[in-house]
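Okay, structure first, notes after.
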Amino acid sequence: MPSIFGYWTLRGLGQASRFILEYTGEEYQDVRFDAINAKEKWQEEKTKNPHGLEFPNLPFYVDGDIKLTQSAAILHHLAKKHGLAGANTEEEWRRLDLLEGVLGDVRMTFAWLCYGCRDEASFSAQRPVMRERVTPVIKQLSASLGSKQWLLGDKISYVDFLLYDVLSNWLELEKDLLDELPNLQQFRARFEALPAIKAYMQSERFIKWPLSGPDAFFGGK
Amino acid sequence: MELAYWNIRGLAQPIRLLLEYTGEKYEDKKFECGPAPDYDKSCWFDIKEKLKLDFPNLPYLMDGDVGVTQSNAIMRYIGRKHDLLGKTEQERVRVDIMENQAMDFRNGWVRLCYNPNFDDMKEGYLKSVKDVIAKFSKFLGDRQWFAGENLTVVDFVMYELLDQHKLLDATLVEAHDNLTKFMKRFEELEPIKAYMASDRFMKGPLNNKMAKFGAE
């Protein structure tokens with residue numbers, strides 16, 4: 001039986017998992033909830049809770065007896081299931097944990113900016129502040145990748161899916177973000193050239209937009 | 001080992017509790033930011049780039065040559081050393097869920113504490129957090145610890161968050177017998193008990209000086 005992945009019809013916290021599901025060829029049902037026109041559909045499902053989730057929320061993932069919420073918990077599960085969690089060494093675990101945390105911060109900075117601003121004036125004021133906050137971290141990520149293919153080295157792991165997704169969000173807003181960081185540009189091209197990812201991104205299953213929910217000032221509409 | 005953070009409980013308190021519980025020898029290095037209105041952070045910014053860290057940030061943990069940042073990565077690092085990440089697949093999945101669920105809980109809480117409109121927002125928060133805490137109570141059920149039979153890193157995080165919420169409104173936790181017992185069970189762990197009775201233990205502040213709640 002295919003697994004079930006449930007999320008809003010947008011990229012947001014679900015996209016990295018969708019990329020992994022596509023990359024690994026896992027047979028899954030991509031259940032989407034419309035955040036703009038039919039938000040109540042999720043509210044109803046949340047109340048009824050047909051899958052018996054302990055913390056009903058989006059995204060969720062159901063695979064037989066395994067019922068998960070929390071995007072990072074879903075990623076960990078998919079990574080373990082498909083061998084995308086490194087080589088089981090202390091050093092790699094440490095690196096995965098660290099990068100996951102850092103990429104979470106980069107995503108949060110983007111979310112604060114997009115969801116925290118109510119109007120053009122506050123958005124214009126906050127945008128350079130957040131750009132200044134995220135720029136050094138993007139440089140650290142570039143240094144951390146170095147000349148490697150993927151963040152852990154030769155083998156792709158779940159944090160690469162997070163990195164690609166987080167960079168994509170930021171690039172929609174700050175087009176020149178990677179101008180002086182060619183290794184991150186190459187990383188993006190490498191990711192997009194993975195055959196399963198390429199096919200997915202060309203298909204109608206792939207959501208280009210919106211990045212965020214309708215409450216966001218940027219990326220939501 | 002050296003743990004470095006601001007002179008507050010904040011993100012470091014669960015790490016401090018974990019280091020004490022596991023009996024790791026550590027130095028608890030604390031940075032202090034300046035007074036209002038500037039909250040000068042130069043004591044940290046002056047050394048930030050000089051450390052051997054790929055992503056310099058607070059808290060950080062130095063263990064010999066190994067430098068770790070990101071609070072959850074630090075918790076997992078110590079947790080792996082002492083087998084506190086769950087002993088069965090079921091427990092490990094529960095650790096994953098709880099680690100992130102607790103982070104959501106914390107983010108909402110910190111947003112409130114640091115919000116200039118704290119007084120206006122408090123009532124709404126109290127209302128919504130009741131449901132959040134009820135879900136944690138249900139998730140714990142009649143288990144000893146959040147993952148199951150075995151103590152794991154997420155118990156340290158949850159203890160701290162529940163304890164902070166008791167300072168906002170003690171009835172939030174008192175409404176749930178199993179959470180009350182969980183907290184008591186945690187406080188009775190020998191090394192935790194000794195730590196809490198010592199002068200190393202920090203009762204406050206919870207947050208940095210610019211916060212509207214927990215800054216004292």
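The values are calculated or read from the model by the stated rules, or taken from the named source; none is laboratory data. Being a predicted model, the structure only gives us computed values, none of them experimental. Glycine also receives a Cβ, built like all others from the backbone with ideal geometry; neighbour counts cover every protein chain displayed. Only protein heavy atoms, including side chains, enter the accessible area calculation; ligands, DNA and RNA are left aside. Shrake-Rupley method; radii C 1.70, N 1.55, O 1.52, S 1.80 Å.
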Global geometry of the stretch A:59-139, whether rounded, prolate or oblate, following the gyration tensor of its Cα atoms and the 1.5 cut on a/c: oblate
Protection proxy ranking, peptides A:211-221, B:202-212, B:10-20, average beta carbon neighbours within 10 Å, highest first: B:10-20, A:211-221, B:202-212
Cα centroids of the stretch A:120-136 and the stretch A:161-221: how far apart, whole angstrom? 20 Å
Over the Cα atoms, compute the radius of gyration (one decimal) and Dmax (the largest Cα-Cα distance, rounded to a whole number) for the stretch B:1-137, in Å. 17.3, 50
Separation between Cα centres of the stretch B:156-216 and the stretch B:43-60, rounded to whole Å: 28 Å
Assigned charges on the beta-carbon of Lys, Arg, Asp, Glu; the stretch A:90-194 dipole about Cα centre (debye): 80 debye
Theoretical gain in end-to-end length, A:THR89 to A:ASN183 [0.36 nm per residue, Cα-Cα removed]: 31.3 nm
Counting all Cα-Cα pairs in the stretch A:90-194, those more than 20 Å apart amount in percent to 39 percent
Given the C-alpha atoms of the stretch A:3-83, compute the convex hull and give its volume per residue in Å³. 82 Å³
How many square angstrom of accessible surface are buried between A and B, both sides summed, with a 1.4 Å probe and rounding to 100? 2400 Å²
Relative contact order in percent for the stretch A:43-143 (Cα pairs under 8 Å, 6+ apart) equals 12 percent
The farthest towards the positive end of the charge dipole of the stretch B:89-194, of the residues B:SER128, B:MET183, B:THR152, given +1 on Cβ of Lys and Arg and -1 on Cβ of Asp and Glu, is B:SER128
Using a/c under 1.5 as the rounded threshold, could you call the stretch A:151-221 rounded, prolate or oblate? The axes a ≥ b ≥ c are square roots of the C-alpha gyration tensor eigenvalues, and prolate needs a/b larger than b/c, oblate otherwise. oblate
Note on chain A: alpha-carbon gyration tensor, axes a ≥ b ≥ c; rule is a/c under 1.5 for rounded, else prolate if a/b larger than b/c, else oblate; result oblate
Provide the per residue accessible area, probe 1.4 Å, for the protein assembly as shown, rounded to a whole number of square angstrom. 47 Å²
Shielded by partner chains, the stretch A:135-151 residues - at least 30 Å² of accessible area, 1.4 Å probe, vs chain alone: A:GLN140
Given A:LYS148/A:LYS198; A:LYS80/A:LYS175; B:LYS81/B:LYS122; B:LYS30/B:LYS193; B:LYS135/B:LYS166; B:LYS29/B:LYS203, the pairs whose alpha carbons are separated by over 28 Å: A:LYS80/A:LYS175; B:LYS81/B:LYS122
For a Förster distance of 41 Å, can you work out the FRET efficiency between the beta-carbons of B:PHE31 and B:LYS127, rounded to the nearest 0.05? 0.70
For chain A, which DSSP H helices look membrane-span-like by this rule: Cα extent along the axis of 18 Å or more and mean Kyte-Doolittle of at least 0.0? A:158-173
Under a plain spin-label model, where a point goes 7 Å from the Cα along Cα-to-Cβ, how far apart in nm are A:SER124 and B:GLU2? 4.6 nm
Whole-percent carbon and sulfur contribution to the accessible surface of the protein assembly as shown (1.4 Å, no ligands, DNA or RNA) stands at 50 percent
